[in-house]
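The values are calculated or read from the model by the stated rules, or taken from the named source; none is laboratory data. Keep in mind the model is a prediction, meaning the values are calculated, not measured. Because the Cβ atoms are built from the backbone with ideal geometry, glycine has one as well, and the counts that use them run over all protein chains shown. Note: areas computed on protein heavy atoms with side chains; ligands, DNA, RNA excluded. Shrake-Rupley method; radii C 1.70, N 1.55, O 1.52, S 1.80 Å.
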Amino acid sequence: MTKRKINRLLVANRGEIAIRIFRAATELGIRTVAIYSEQDNVSIHRFKADESYLVGAGKGPIEAYLDIESIIEIAKRNDIDAIHPGYGFLAENAEFAQRCLEEGIIFIGPSSTLIDKFGDKVEARRMAIEAGIPVIPGTPEPIETLQEALLFAKEHGYPIIIKGVSGGGGRGMRIVRSQDELQDALDRARSEARSAFGNAKVYLERYLENPKHIEVQILGDAHGNIVHLFERDCSVQRRHQKVVEVAPSLSLDDALREEICQSALKLMKEAGYSNAGTVEFLLTPDGQFYFIEVNPRIQVEHTITELITGIDIVQAQIRIAEGHSLSDPEIGIASQEAIKMSGYAIQCRVTTEDPENNFLPDAGRLLAWRSGGGFGVRLDGGNGYPGAIITPYYDSLLVKISTYGTSFDQAARKMLRTLREFRIRGVKTNLPFLENVVTHPDFLSGQYDTSFIDTKQELFIFPGRQDRGTKLLSYIGNTIVNGYPGLSTQDKKPHFDTPRIPRTPFAQPYPDGTKQILEREGADGLVKWIQEQKRVLVTDTTFRDAHQSLFATRVRTYDLAAVAEATGKLGADLFSLEMWGGATFDTSMRFLRESPWERLQILRQRIPNILFQMLLRGANAVGYTNYPDNVIHAFVKASAENGIDVFRIFDSLNWLPGMQTAIKAVRNSGKVAEAAICYTGDILDPSKTKYTLRYYVDLAKELEKAGAHILAIKDMAGLLKPYAAYELVRALKQEIGIPIHLHTHDTSGNGGAMLVKAIEAGVDIVDACVSSMSGLTSQPSLNGLIASLEHTERDTGLSLDAFNKLSDYWEDVRPYYQGFESGMKASNTEVYIHEMPGGQYTNLEQQAKAVGLEGRWDEVKQMYATVNQMFGDIVKVTPSSKVVGTKKTSGKKASGSISPTLSFSSSRGTWDSLRADSRKNCRRLS
């Protein structure tokens with residue numbers, strides 16, 4: 001054969017195999033040319049070639065690549081020396097090979113005569129029989145009638161398999177297990193074969209149950225030299241389509257491997273085969289093998305043979321087509337003995353098939369594409385990149401992953417690692433299925449056959465995928481374009497200083513704190529410890545109520561976690577940290593898209609030494625309706641297990657039965673039950689006779705009897721004035737024997753003075769927050785409290801320097817949330833008129849903005865006071881405060897008059913809760 005140098009090579013294919021051939025040709029100094037259909041106009045393979053041309057204009061996506069004359073026309077017009085068909089499309093089309101020959105174009109593959117012979121599966125069986133190779137019993141010719149099929153089935157028994165005489169890849173095949181299935185299976189196999197290969201002829205074979213599928217890679221030149229490159233195990237397949245391939249097979253001993261490979265060589269030598277091809281066999285459990293077909297082309301899985309032999313099969317194809325002998329330096333295969341097999345290789349085909357939906361191919365835009373890689377990993381990809389459009393027109397293959405290791409176990413571990421490195425978003429993929437395959441014990445031991453996928457249901461059990469990256473990108477993109485709900489759009493991106501996180505060495509241990517006292521002494525021991533303290537104890541509300549009151553609980557877990565370690569180490573002498581409440585759940589999930597449980601776990605891990613405190617709405621838990629007792633018990637138990645130590649329990653109408661279940665649940669959990677009296681009114685005003693000093697003292701006694709470890713005074717609106725606080729605390733200390741914990745808001749500006757008077761009266765614990773988060777609707781300044789009590793009998797024992805550092809951090813972080821601030825510039829004593837809780841102030845302002853009442857905020861506050869009186873001057877704390885707030889906005893419009901008409905359609909859940917609580921309260925008072 002005369003040698004002919006190839007200078008310009010056209011690939012009559014697309015996707016990964018086209019790119020594979022381009023790369024091989026480029027390394028040989030050959031200029032590459034691509035063709036593409038109209039549907040493939042942005043397909044990456046056309047840009048990997050030196051030139052590309054549209055083929056089959058006006059034709060369908062498949063028809064374009066099957067348009068022989070158009071391809072030949074492109075080749076002739078552009079001085080193409082050779083055409084490589086790849087696999088699929090025209091790779092096994094004898095007419096195409098013949099047309100190339102007629103036009104003087106080198107066809108990189110076997111001759112049209114051999115393609116024609118091996119393309120006819122019946123003829124291929126005849127050739128194998130003549131070569132003395134065992135074949136599965138089958139019909140010697142294509143069958144025409146149902147009667148012929150019935151006669152074959154009667155002679156050989158069921159099951160049988162129907163196969164198309166042309167093509168491959170599992171198409172045109174049907175397994176028949178009974179006579180009832182035969183006619184329908186014939187019709188379907190013929191239809192599929194006609195559609196896939198243009199030839200509806202089929203033949204029959206006896207169907208072998210659970211064999212292994214073994215194929216042998218062949219290379220032959222035009223000088224009569226033929227070698228094998230050992231075998232591949234292709235038994236992991238679904239519906240006769242290969243999914244995972246292995247080279248060499250773990251199931252063959254050396255003798256059986258040699259016998260199978262020699263049989264393949266014998267058949268191809270007698271056929272006079274030239275170029276690359278594959279001889280395929282079925283291997284039964286008893287070690288018998290049977291010829292099934294020859295694929296006269298490059299195979300999808302050729303990559304793993306290249307890895308274990310070091311031979312570039314595609315470059316060998318090109319050199320053979322140029323006329324080189326296998327032993328020429330350009331190919332370098334001196335003899336069969338010169339081919340050495342080393343190690344193991346595995347190939348996985350990553351596709352857009354959805355294993356949870358019967359492997360239905362998916363289509364769409366790739367939102368994210370992150371591939372694996374590394375030593376011993378080979379990726380053969382096509383159209384995988386961010387933004388790529390995966391169409392429904394072509395094969396669902398995205399990328400072929402091939403891994404190599406000196407042992408099979410090593411290759412499998414590399415494959416698993418690579419699969420897990422991949423991140424493909426936008427379309428469904430079979431990645432989780434492939435992970436299950438390569439970790440299955442039967443796969444790792446080699447004890448699998450062609451029934452592997454069909455019989456191992458555990459391959460279809462997949463962990464839930466969170467797809468966090470795509471969700472985050474979508475969220476960021478939506479926020480950039482549409483803004484954040486509740487915030488006005490800004491013209492410029494704001495600039496923030498880097499937060500000053502207090503430095504605490506990792507090696508610095510956490511000092512023991514109240515958490516360790518509770519763990520060591522239990523709840524009763526902790527109470528005893530509190531009562532022994534001369535200093536006033538402090539709860540820091542910065543992590544919860546401070547930011548709820550200032551900017552509607554919008555602080556992210558990220559910002560809390562950043563300062564958590566420093567808080568634990570610098571604030572070890574705190575009594576507790578408040579960090580959970582109903583609003584935490586609401587805003588975390590509805591606005592921040594975070595898990596409040598995950599927040600709790602993260603913070604508990606970083607602050608192991610200080611008690612964690614939460615606000616529990618009695619029978620409402622953290623919701624807005626009454627829940628069954630078992631729900632309250634389960635919630636308290638879960639909260640305690642995840643890190644909450646102190647449960648501040650309250651009822652929106654100070655109704656004791658609404659708190660008793662929660663108190664019992666907390667005590668059962670071994671945690672601290674802090675029952676609250678919700679303060680409203682003014683005990684020093686003789687004209688206000690509803691909420692008197694006696695009312696609160698009597699309620700406190702009832703709570704103590706109910707099992708409360710600590711009594712909380714929950715001054716949620718900041719209505720408790722300094723001298724009233726002194727009288728209230730002093731009276732309570734005389735009447736009850738449990739510690740008293742005071743919570744307030746500094747809306748009026750009297751918060752700091754009120755705390756001092758309460759401390760004078762003997763209060764045990766007070767709530768405050770770091771100074772940069774204090775004041776206004778938030779709590780009084782913790783830093784100011786520390787300074788005020790220094791060198792006194794009730795000195796807090798906290799370091800002012802340490803809390804100044806913590807305050808610096810929050811000073812830097814607070815501007816992040818400036819869009820949610822209430823707009824208050826200074827304290828305001830109007831709170832004594834509208835009596836709006838501090839935590840509700842900013843929430844309600846956000847709601848007013850949402851309904852177009854931003855410019856009428858003063859009227860909203862005025863109407864709040866009016867509605868409160870309409871309800872009979874109730875205790876205003878969630879959910880009762882929510883009812884008042886919802887009612888007072890329900891009659892408002894962005895323009896026009898304010899109507900206080902009672903309408904609860906917009907607050908049904910909270911109104912139902914209040915109505916139920918009101919009935920209970922009335923029964924109690926009666």
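Numbers at a glance
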item: Selection from 135, 718, 160, by position along the positive dipole direction of the chain (Cβ); result: 718
item: Residue-count net charge about residue 279 - beta-carbon cut-off 10 Å; Lys, Arg +1, Asp, Glu -1; result: -3
item: Compactness of the stretch 223-358 as Cα Rg over 2.2 N^0.38 Å, two decimals; result: 1.10
item: Whether the stretch 529-655 is rounded, prolate or oblate, judged on the alpha carbon gyration tensor where a/c under 1.5 counts as rounded; result: oblate
item: Under 22 Å from residue 266, Cα to Cα: lysines that are on another chain or at least 8 residues apart; result: 117, 121, 212, 340
item: 249, 195, ranked by accessible area, largest first (probe 1.4 Å); result: 195, 249
item: Ranked order, 589, 268, 824 - accessible area, probe 1.4 Å, largest first; result: 589, 824, 268
item: Cα-Cα pairs of the stretch 463-619 separated by more than 23 Å (percent); result: 50
item: Semi-axes of the equivalent ellipsoid for the stretch 319-414, Cα gyration tensor, largest first, Å; result: 34, 20, 13
item: Inter-label distance, nm, simple model (7 Å from Cα along the C-beta direction), residue 363/residue 631; result: 4.6
item: Residue (of 329, 562, 175) at the positive-pole extreme of the chain, dipole from beta-carbon charges; result: 562
item: Surface per residue (accessible, 1.4 Å probe) for the stretch 751-846, Å²; result: 33
item: Magnitude of the charge dipole, the chain, Cβ model with Lys/Arg +1 and Asp/Glu -1, debye to 20; result: 3020
item: Solvent-accessible area, 1.4 Å probe, carbon plus sulfur percent, for the stretch 171-219; result: 38
item: The stretch 676-744-the stretch 44-121 distance, computed between alpha-carbon centres (Å); result: 91
item: The stretch 192-319: relative contact order in percent, alpha carbon pairs under 8 Å with at least 6 residues between; result: 25
item: Taking N as its residue count, the alpha carbon Rg of the stretch 135-246 over 2.2 N^0.38 Å; result: 1.20
item: Candidate aspartates and glutamates - alpha carbon under 13 Å from residue 690, same-chain residues fewer than 8 apart omitted; result: 682, 873
item: Qualifying lysines (Cα of each under 20 Å from Cα of residue 428; at least 8 residues distant if same chain); result: 242, 400, 471
item: Relative contact order, percent, the chain [alpha-carbon distance under 8 Å, six or more residues apart]; result: 8
item: Cβ-based net charge around residue 140, under 9 Å, with every Lys or Arg adding one and every Asp or Glu removing one; result: +1
item: Selection from 430, 780, 33, by position along the positive dipole direction of the chain (Cβ); result: 780
item: Local electrostatic count, residue 440, Cβ distance below 15 Å [Lys/Arg +1, Asp/Glu -1]; result: -4
item: Value of relative contact order over the stretch 267-395, rounded to a whole percent, pairs C-alpha under 8 Å and six or more apart; result: 15
item: Antiparallel DSSP beta bridges within the chain, percent to nearest 5; result: 55
item: Alpha carbon convex hull of the stretch 161-225, volume per residue in cubic angstrom; result: 117
item: Values of log10 I(q)/I(0), in the order q = 0.11, 0.20 Å⁻¹, for the stretch 392-547 under a Debye, Cα-only, solvent-free model; result: -0.87, -1.40
item: Span from the the stretch 766-839 Cα centroid across to the the stretch 393-411 one, whole angstrom; result: 60
item: Cα-based convex hull, the stretch 735-786, per residue volume (Å³, whole number); result: 72
item: For the stretch 336-487, accessible area per residue (1.4 Å probe, heavy atoms of protein chains only), Å²; result: 50
item: Cα pair distances of the stretch 91-140 binned at 10 Å [whole percent]; result: 26, 40, 24, 10, 0
item: Cα centroid of the stretch 427-500 to Cα centroid of the stretch 215-247, whole Å; result: 35
item: Taking only Cα atoms of the stretch 509-565, radius of gyration then Dmax in Å; result: 15.0, 38
item: Cα convex hull of the stretch 337-482, projected area averaged across orientations, nm²; result: 11.2
item: Range of Cα positions in the stretch 360-422 per principal axis (Å), largest first; result: 39, 19, 17
item: Portion, in percent, of the accessible area of the stretch 38-137 that falls on carbon or sulfur, probe 1.4 Å; result: 48
item: Net dipole in debye of the stretch 141-249 [+1 Lys, Arg Cβ; -1 Asp, Glu Cβ; about Cα centre; nearest 20]; result: 300
item: For the chain, average projected area of the Cα convex hull in nm²; result: 49.8
item: Hydrodynamic radius of the stretch 599-682 per Kirkwood, over alpha carbon pairs, in Å; result: 13.1
item: Carbon + sulfur, % of accessible area of the stretch 608-700 - ligands and nucleic acids excluded, 1.4 Å; result: 55
item: Using distinct alpha-carbon pairs, which all enter the 1/r mean, Kirkwood radius of the stretch 444-535 in Å; result: 21.8
item: Debye log10 I(q)/I(0) for the stretch 1-151, one point scatterer per Cα, at q = 0.11 Å⁻¹; result: -0.52
item: Dimensionless Rg over Rh [the stretch 713-799; C-alpha; Kirkwood]; result: 0.95
